[in-house]
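Structure, as structure tokens:
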Amino acid sequence: MIKIYYKQCLCDMLSMMGNRMLFVCLTLMCVMGVQAQDDDFKKSMDEFRRGAYKEYDDFRKQALMEYSDFVRQAWKPFNAEPAVPMPKEEEVAPMLAPDADQETASWFSRQMDKLFKRNKKDADNKQAKADVKTQQKKAEPKKPEPKKPEPKKPEAKKPQPKNKPETKKPVELAVKQVIPPAPVIKQPEPLSEVKEETFRANNYMKFMVFGTECKVRIGDNCRFKLPNVSSDAVADVIRDEFPKTQFDNLLYDCLQERKRHNFSDWAYYQMLLALTNKFYGENSNEGVLVRAFLYSQSGYKMRLAHDENNLYMLCATRHFIYNKIFFSMEDDWYFLFDGKQSDKLRICPASFPKESSLSLQISAAQQFAMNPSGERVIRSIRNPNFSVTLHSNKNYIDFCETYPSSIVDNNFMTRWAMYANTPLEADVCDQLYPQLKNNIKGMSEKQAVQELLWWLHGNLDLEGEIKNSETFLYRYDEDCWGADRAFFGEETLYYPYCDCEDRSILLSHLVRDLVGLDVVLVYYPGHLAMAVCFNENVDGDYIMVNGRKFIVCDPTYIGCRIGDTMPGMNNSEATVILLQKS
């Protein structure tokens with residue numbers, strides 16, 4: 001430290017002294033021969049290090065300089081495409097299996113009565129409104145229109161005796177199409193290696209991302225003023241500020257945080273947003289520009305844009321995202337995730353080499369700090385001794401709430417696969433899996449899957465009346481969220497309500513991870529079920545996929561057994577979605 005301080009002081013003196021003092025300083029250096037030798041050695045090592053990394057450093061900095069030159073060119077006007085709403089699907093009501101026990105049949109019948117009354121009330125209200133409009137339009141008396149028939153009351157089938165032998169023959173289901181599993185997308189990387197500089201580096205600033213502490217080196221030398229959002233003003237900052245050492249360190253730290261927490265692309269974007277909002281102000285023009293620098297230099301594809309007053313960063317994605325305006329350019333979709341939403345922008349077409357679009361795929365468990373919820377007990381209606389007790393990480397639940405609904409390759413089926421192929425968080429597995437393994441210990445594959453299926457069947461609460469239930473409660477997304485919303489496995493374990501898609505996604509994790517069997521999702525219009533490839537002979541309805549037999553398992557067909565297909569499902573319209581192995 002003394003040598004470094006001496007050398008810095010000497011450099012400062014040389015910048016202020018004339019030729020006379022220069023001679024004195026050189027004399028002092030000769031007197032301190034030992035230290036001079038050490039300094040010469042350090043200088044030689046520094047030169048060697050600079051030479052070793054000159055190629056990568058020049059390449060990245062050269063790309064940045066060339067980018068700033070392109071930024072000065074004309075930005076083109078674009079109109080946004082309107083946000084596309086999530087397709088609304090028909091609601092398929094859960095059904096009761098014929099061989100369900102009497103107690104299960106009783107509460108199911110009560111729930112169906114409530115559903116019938118609600119549907120009848122909705123139909124009556126709709127008819128009443130139509131009648132009022134008709135009366136208002138009448139100029140003279142007319143014959144009254146016949147009343148519409150009341151909606152048919154759903155009936156729960158009477159349970160069969162438990163000891164009655166099964167007579168149903170297995171059926172091979174012919175499905176419409178098979179969707180292959182999506183390949184794992186490698187996370188984008190910087191154009192070249194990013195090196196840190198520890199000499200006179202900034203202090204660390206801490207900030208929070210979904211309750212998880214991150215830290216980067218950033219200070220006043222990272223502040224600058226963007227006088228306006230003109231192409232020249234933006235290009236000047238890119239050329240004059242971003243090549244500086246402090247921004248290399250900032251980029252290095254961001255990448256280290258991505259690696260340390262195993263952040264997905266979406267979590268990393270949220271991290272950069274939290275960082276720049278804290279240091280530069282929420283969605284300030286300076287913050288947006290630094291965010292664009294960090295994002296692009298991390299290997300992601302983005303475009304800068306402005307509306308004369310505000311600067312924006314548009315993100316290219318591999319996914320089409322619902323309920324977000326977007327811009328179509330260069331055969332890509334660019335989405336505006338944050339800041340003021342504007343449908344008319346001037347966009348800079350400048351790009352970086354080897355840039356990659358953001359992926360919403362989450363291929364590995366992320367490391368969010370723990371913020372435990374209250375404990376929840378979840379029991380099986382069929383077997384009350386089959387239960388687990390666990391808490392959820394509210395930080396991860398907060399992250400899931402920001403996750404946008406999307407599809408890949410213009411195929412709606414890929415939406416379910418993204419949730420089912422996202423690994424469960426480590427803390428959930430550490431709590432859930434030992435208890436479930438103990439519950440299925442010593443069972444055959446068929447017995448184990450059957451018990452997991454019954455555990456997920458849970459209860460019905462279509463009117464939202466049950467409080468503190470110790471089972472999974474079925475309720476429509478429209479009633480809970482106002483729109484369709486799929487859950488990650490952790491969300492199904494956290495929220496009191498779930499539907500067919502949520503149960504099938506969670507069950508797909510449990511069967512793959514605990515029983516070690518391959519599974520597929522089976523999508524019917526308005527309904528999602530699952531099928532399992534057993535190693536042992538199992539009877540029941542099945543699907544042949546690439547020469548392998550998958551037995552149907554439906555966690556919404558209450559009380560059913562493995563191999564039972566819920567009545568009314570049109571298999572000619574069904575789609576099989578292949579999932580990645582555990």
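The values are calculated or read from the model by the stated rules, or taken from the named source; none is laboratory data. Since this is a predicted model, take the numbers as computed values, not measurements. When we count neighbours, we look across all protein chains shown, and the Cβ atoms used for this are built from the backbone with ideal geometry, even at glycine. Only protein heavy atoms, including side chains, enter the accessible area calculation; ligands, DNA and RNA are left aside. Shrake-Rupley method; radii C 1.70, N 1.55, O 1.52, S 1.80 Å.
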> Among the residues of region 381-397, is any part of a loop (DSSP other than H, G, I, E, B), without any contact (Cβ under 8 Å) to a residue 60 or more places away in the chain and surrounded by fewer than 17 Cβ atoms within 10 Å (Cβ to Cβ)?
Replying inline: yes
> Taking interchain pairs and intrachain pairs at least six residues apart, which have beta carbon atoms under 6 angstrom, with the first residue in region 265-290 and outside any helix (DSSP H, G or I) and the second open to solvent by 10 Å² or more (accessible area, probe 1.4 Å)?
Replying inline: N283/G339
> When the residues of region 237-257 are filtered to those that are of a type in the set (D, E, K, R), in a helix (DSSP H, G or I) and free of Cβ contacts under 8 Å to residues at least 60 places away in the same chain, which remaining residue is most open to solvent (accessible area, probe 1.4 Å)?
Replying inline: D240
>> I'm checking my understanding of the structure. Among residues of region 455-485 that are open to solvent by less than 30 Å² (accessible area, probe 1.4 Å) and not in a loop (DSSP other than H, G, I, E, B), which one is farthest from G540 (Cα to Cα)?
In response: D477
> Restricting attention to region 507-537, which residues are in a loop (DSSP other than H, G, I, E, B) and either charged (D, E, K, R) or at pLDDT 95 or above (or both)?
Replying inline: G516, L517, F534, N535, E536
>> Please count how many residues of region 517-551 are at positive phi and under 25 Å from the mean Cα position of the chain (by Cα).
In response: 1
>> Looking only at region 443-454, how many residues end up being of a type in the set (K, R) and open to solvent by less than 40 Å² (accessible area, probe 1.4 Å)?
In response: 0
> Could we say that I378 is touching a helix residue (DSSP H, G or I) at 6+ places or on another chain (Cβ under 6 Å), touching a residue at least 60 places away in the same chain (Cβ under 8 Å), outside any loop (DSSP other than H, G, I, E, B) and open to solvent by less than 30 Å² (accessible area, probe 1.4 Å) here?
Replying inline: no
> Only one of (1) of a type outside the set (S, T, N, Q); (2) buried (at least 17 other Cβ atoms within 10 Å of the Cβ); (3) in contact (Cβ under 8 Å) with a residue 40 or more places away in the chain; (4) touching a helix residue (DSSP H, G or I) at 6+ places or on another chain (Cβ under 6 Å) is not met by V552, so which one is it?
Replying inline: (4)
> Can you spot a residue in region 422-431 that is open to solvent by 20 Å² or more (accessible area, probe 1.4 Å), among the aliphatic types (A, V, I, L, M) and farther than 24 Å from P372 by Cβ?
Replying inline: no
> Quick one: D513 ticks every box in (1) within 17 Å of Y419 (Cβ to Cβ); (2) surrounded by 19 or more Cβ atoms within 10 Å (Cβ to Cβ) bar one, so which box is it?
Replying inline: (2)
> In region 308-325, which residues are more than 19 Å from S296 (Cα to Cα), open to solvent by 10 Å² or more (accessible area, probe 1.4 Å) and within 20 Å of the chain's Cα centre (by Cα)?
Replying inline: F320, Y322, N323, K324, I325
>> Can you pull out every residue in region 287-296 that is of a type outside the set (A, V, I, L, M) and within 22 Å of the chain's Cα centre (by Cα)?
In response: R291, Y295, S296
> Within region 301-327, can you find the residues that are out of contact with any strand residue (DSSP E or B) (no Cβ under 6 Å at 6 or more places or on another chain) and aromatic (F, W, Y)?
Replying inline: Y322
> Of all residues in region 555-582, which are touching a Cys at 6+ places or on another chain (Cβ under 6 Å) and either modelled with pLDDT of 95 or more or part of a strand (DSSP E or B) (or both)?
Replying inline: I562
> Does region 198-218 include one or more residues that are open to solvent by less than 60 Å² (accessible area, probe 1.4 Å), more than 23 Å from L336 (Cβ to Cβ) and of a type in the set (D, E)?
Replying inline: no
> When F534 is evaluated against the numbered criteria (1) among the hydrophobic types (A, V, I, L, M, F, W, C); (2) surrounded by fewer than 24 Cβ atoms within 10 Å (Cβ to Cβ); (3) in contact (Cβ under 8 Å) with a residue 40 or more places away in the chain; (4) under 17 Å from P94 (Cα atoms), which criterion, by number, is the only one it fails?
Replying inline: (4)
